[in-house]
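Throughout, read-outs are computed from the coordinates displayed, never taken from laboratory work. Predicted model, so just to flag it, every value in this text is computed and none were measured. Cβ atoms come from the backbone with ideal geometry, glycine included; neighbour counts cover every protein chain shown.
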Amino acid sequence: MVSYQYDVVVVGAGPSGSMTARYAAMGGCRTLLIEKRQEIGSPVRCGEGLARHFVEDTKLPFDRKWVGREVKGAKIFSPNGTELTIEEAHAGNEVGIVLERDAFDKAVAKEAAKEGADIWLKTTATAVIKDDGWVRGIRAKRLEEEMNIEAKCVVAADGYESQVGRWAGFKTLLKAGDITGTLQYRLTNISEGHDFPDYCWIASRIASTSKATWTAGSNRIRGWLTHSRSTWSPEAFRPRRQSRSPWATAWRWSATPQG
């Protein structure tokens, strides 16, 4: 079996993994970032809201290619139609930005590569290598090639229930009650005729176990119908058009939780 040697190997090329690889390479470490999918940023993940100071803190070059919209404020609607407006001044004059996550994820990985990190796509971690109880690297499969990747430091950036973390001996599994199931919608050609033409976030507490959240940029909107119970199905959510506001006719949904 072929072997490779690195100072740092990072498993998972999401924003956290790519940023870790970037800083490791900047610090002079021979760094490898692996991603099991064939394309970074696809499929698109949730989590488009980002504080603007994050970009400055991480010294990530600002590029409007991965900015959907700069946030000016938010409106929150209660189920009875009560409306709460939060403007930028209420949030310390910085609300944030809405990301184009596919472009953003690629941009962070590109910065890691610029600093000298190697990036391998279609590469899946299959186990960790241990020696006398210490993690000394990972086993991986790239296309049809199996390999050992020895490293002084292994970073498990493969998600909140990290498989690599479990192999290393960490308890990464969550209880079912700690996980929220979400059904995601993506809508386009939404008119911008509201008070915050660049951004809108509507959160309605629809039932004791469900809520709906939207983030918007340009003329498109991404919505999540969230069910906080441990078991759910898409049939648990039954969209119904609302008419309390100009936005609601296109964007607001009601949900009926399962059981």
Pairwise label distance in nanometres, Cys46 with Cys153, each label 7 Å out on the Cα-Cβ vector: 3.2 nm
For Lys114, give me every one of the lysines with a C-alpha distance below 24 angstrom, ignoring sequence neighbours fewer than eight places off in its own chain. Lys36, Lys59, Lys65, Lys106, Lys122, Lys152
Applying 1/(1 + (r/R0)^6) with R0 = 25 Å to the Cβ-Cβ distance of Tyr4 and Lys114, what FRET efficiency is obtained, to the nearest 0.05? 0.75
Extension gain (nm, one decimal) between Glu87 and Glu56, 0.36 nm per residue minus Cα-Cα: 9.0 nm
